[in-house]
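Written below as structure tokens is the structure these notes are about.
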Amino acid sequence: MKSDSKTRVIILFGGVYSSLGKGIVISSIGKILSCLGKKVSILKFDPYLNVDPENMSPNQHGEVYVCKDGAQTDLDLGNYERFIGCELTQMSNITSGRIYNEIIKKERDGKYNGKTVQVIPHVVNMINSKIYSIIEKEKPNFLLIEVGGTIGDAESIPFVEAISQFIIEYKKENVLSCLLCPLINLSATSNELKTKPTQHSIRQLRSMGIDPNFLILRTNTKIDENVIEKLHTTSHIDKKNIFISPNLNSIYDLPDILYKQQMHLTILNFFSIAYNKNNDNFEKKWSKYNEKIKKITKVINIGLMGKYTELHDAYFSVVESLKFAGYENNVKVKIVWIKVNDKNFKNLIKKCNGIIVPGGFGDRGIEFMINAIKFIRENNIPIFGICLGMQLMLIEFARNVLKIKDAHSIEFSPKAKNPIIDLIDGKLILGDKKCFVKNETIAKNIYKKNIIFQRHRHRYGLFEERIMKKFSKSNINISIISKYNNKTICEFIEDKNKKCYIGCQFHPEFHSKPQNVDPAFLFFIKQSINAIK
């Protein structure tokens with residue numbers, strides 16, 4: 001067996017159509033390898049021309065995930081971090097927009113010495129430089145690469161061409177190419193699975209210079225051995241290298257499914273790396289956790305009231321954090337989606353054990369949410385506001401308790417006479433920031449520390465000392481603060497007379513992982529459970 005000191009690269013492509021779950025498959029592979037004691041890094045290629053998702057609508061694209069260095073990325077990076085337990089950076093998310101933006105800047109700066117700038121070699125070389133950079137900087141045992149989009153998409157061609165060249169340069173024995181394809185059942189009365197689309201995807205990938213080593217089949221039904229035999233015969237992919245990714249109730253079951261198919265042994269064998277059973281902690285670290293979850297029977301309802309509830313993926317990290325916190329408290333969390341301007345909101349809220357109000361931008365539905373928060377506060381229902389949610393809690397309290405009738409945010413009312421929330425900076429405040437936790441507060445009981453680091457994504461906040469004093473003289477305690485450009489920023493609020501009336505300016509959902517949940521979510525779920533009694 002060869003040494004595993006050199007970084008091995010595993011690349012996942014998708015065939016036939018999009019939204020197959022490539023991010024979950026590559027995350028699951030990463031989870032298994034990390035439980036074998038391997039250092040895993042991960043890289044996502046997104047073919048869209050946006051530089052990053054900052055300006056993309058959450059209702060179209062889903063959540064914008066924020067890394068510790070402030071990178072605004074695709075939500076798949078959140079899955080990578082949650083599955084693998086790592087912290088990623090901008091190096092792990094490369095878009096076509098970012099590649100072309102860098103190339104055009106270099107061209108305008110004269111860095112190409114008057115040469116004609118082309119897709120080959122300049123674009124593909126830039127893409128491959130990103131692969132080599134992350135290998136050089138992080139020196140992982142395994143680098144996993146997910147190629148967004150679908151094989152055959154025009155926008156993905158530069159990435160596929162770059163990878164084709166990378167495989168030649170880096171040597172075939174060091175790169176494992178995987179293709180994820182669906183098996184399609186066209187009949188409602190027959191279980192016949194159509195393999196032709198998968199066969200075409202394999203041929204298309206090969207026509208682009210990449211020979212897939214592994215085939216992963218996405219299916220919603222049981223696969224007969226004859227189907228595997230047919231794909232083996234038509235594609236010449238060894239049967240032991242064909243794996244099944246079935247539809248599951250939980251995405252966190254997939255690592256178990258792939259592990260039971262011995263994918264990890266097949267991967268190690270491909271790279272001629274010895275398997276050390278003593279280093280295999282998968283069952284201990286992951287399988288037992290999943291077994292515990294499946295035994296939980298108690299369910300609580302948590303209302304999620306946000307601006308983008310039309311697409312649930314807009315709050316993916318928040319929802320996952322609530323689930324993780326529920327598991328740690330031996331309950332399963334059922335999300336009750338409360339849409340902006342829902343006339344039935346009071347009845348929906350009454351059915352919930354707690355309400356979470358997550359982040360967002362823009363003035364749509366703001367007055368509705370403020371009125372709903374008033375109802376929640378007056379009925380002493382546990383509430384947790386995040387970013388925009390905390391700001392709306394402050395505005396509601398200022399209007400209805402402090403009697404500042406025109407209290408508002410500059411974001412929604414630029415000419416407001418009494419802005420509770422003002423513009424902190426013209427640009428977004430992003431990534432991990434140091435926050436200071438005050439003693440003898442609920443926040444200190446939650447975090448157990450005086451200094452914490454939390455991820456941010458906002459322009460507006462409460463920082464006016466005069467206004468902060470008004471809140472402090474009431475029931476509202478500003479229990480965590482941060483410093484930014486000589487300003488003291490309110491990071492956490494709590495009502496000292498209520499068991500669970502909390503809000504934070506930062507985004508704790510981006511820190512939460514299975515078995516390592518942000519303490520604020522644990523506190524909120526615990527208090528929501530207690531509210532039942």
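Enumerate the whole-percent occupancy of each 5 Å bin, from 0 to the last occupied one, for all C-alpha pair distances of the range 1-113. It works out to 2, 10, 17, 20, 19, 13, 9, 6, 3, 1, in whole percents. In the assembled protein chains, Tyr132 presents an accessible area of approximately 80 Å² (probe radius 1.4 Å). Please give the Cα centre distance for the range 5-62 versus the range 321-397, rounded to the nearest Å. What the calculation gives is 31 Å, centre to centre. Cα centroids of the range 108-166 and the range 238-307: 30 Å apart.
Do any trypsin sites (Lys or Arg not before Pro) in the range 51-121 lie in a loop, going by DSSP, with at most 12 other beta-carbon atoms within 10 Å of their beta carbon, and if so which? Before the final figure, lay out the partial values.
Details: sites: Lys68, Arg82, Arg98, Lys105, Lys106, Arg108, Lys111, Lys115; in loops: Lys68, Lys111, Lys115.
Sparse-neighbourhood loop trypsin sites (Lys or Arg not before Pro): Lys111, Lys115.
Give me the net charge for the shell around Lys239: Cβ to Cβ below 10 angstrom, other residues only, Lys and Arg +1, Asp and Glu -1. The partial results should precede the final answer.
On the way: positive: Lys240; negative: Glu225, Glu229, Asp238.
Result for the neighbourhood of Lys239: -2.
Potential lengthening of the chain between Asn101 and Lys196 amounts to 30.3 nm, from the contour at 0.36 nm per residue minus the alpha-carbon distance.
Sorted by accessible area with a 1.4 angstrom probe, largest first, how do Glu320, Glu192 fall? Can you show the working numbers first?
Working: Glu320 10, Glu192 100 Å².
The residues order as Glu192, Glu320, largest area first.
Computed with a 1.4 Å probe on the full set of protein chains, the accessible area for Glu378 sits at about 110 Å². Computed from the Cβ-Cβ distance with R0 of 45 Å, the FRET efficiency linking Asp363 to Glu136 stands at 0.50.
Could you rank Met208, Met263 by how accessible they are, 1.4 Å probe, largest area first?
Numbers: Met208 45, Met263 0 Å².
Descending order: Met208, Met263.
As an exercise, take the mean of 1/r over every pair of distinct alpha carbons in the range 334-472, invert it, and state the Kirkwood radius in angstroms. In the range 334-472 this quantity evaluates to 16.3 Å.
Evaluate E = 1/(1 + (r/R0)^6) for Lys298 and Gln118, where r is the Cβ-Cβ distance and R0 equals 41 Å; express this FRET efficiency to the nearest 0.05. Write down the numbers at each step before the final one.
Values: r = 61 Å, r/R0 = 1.48.
Given R0 = 41 Å and the Cβ-Cβ separation, E is 0.10.
Of Glu161, Glu440, the order by accessible heavy-atom surface (1.4 Å probe, DNA, RNA and ligands excluded), from most exposed downward, is Glu440, Glu161.
Loop-only trypsin sites (Lys or Arg not before Pro) in the range 240-317, please: DSSP not H, G, I, E or B, and at most 16 other Cβ atoms within 10 Å. Mind showing how you got there, number by number?
Values: sites: Lys240, Lys260, Lys277, Lys284, Lys285, Lys288, Lys292, Lys294, Lys295, Lys298, Lys307; in loops: Lys295, Lys298, Lys307.
Passing sites in the range 240-317 are Lys295, Lys298.
Of all trypsin sites (Lys or Arg not before Pro) in the range 117-225, which ones are in loop regions per DSSP and have a Cβ with at most 14 other Cβ atoms within 10 Å?
Values: sites: Lys130, Lys137, Lys171, Lys172, Lys194, Arg203, Arg206, Arg218, Lys222; in loops: Lys171, Lys222.
When the trypsin sites (Lys or Arg not before Pro) of the range 117-225 are filtered for loop state and at most 14 Cβ neighbours within 10 Å, Lys171, Lys222 remain.
If you take every residue apart from Ser317 with its C-beta less than 9 Å away from the C-beta of Ser317, what net charge results, scoring Lys and Arg +1 and Asp and Glu -1? Intermediate values should be presented prior to the final figure.
On the way: positive: Arg82; negative: Glu63, Glu320, Glu509.
Charge balance in the 9 Å sphere: -2.
Solvent-accessible area of Arg459, all protein chains in place: 70 Å² (probe radius 1.4 Å, heavy atoms, ligands and nucleic acids excluded).
The values are calculated or read from the model by the stated rules, or taken from the named source; none is laboratory data. Keep in mind it's a predicted model, so treat the numbers as computed, not measured. Cβ sites come from the backbone with ideal geometry, for glycine too, and all protein chains shown count toward neighbours. Ligands, DNA and RNA are excluded from the accessible area calculation, which covers all protein heavy atoms including side chains. Shrake-Rupley method; radii C 1.70, N 1.55, O 1.52, S 1.80 Å.
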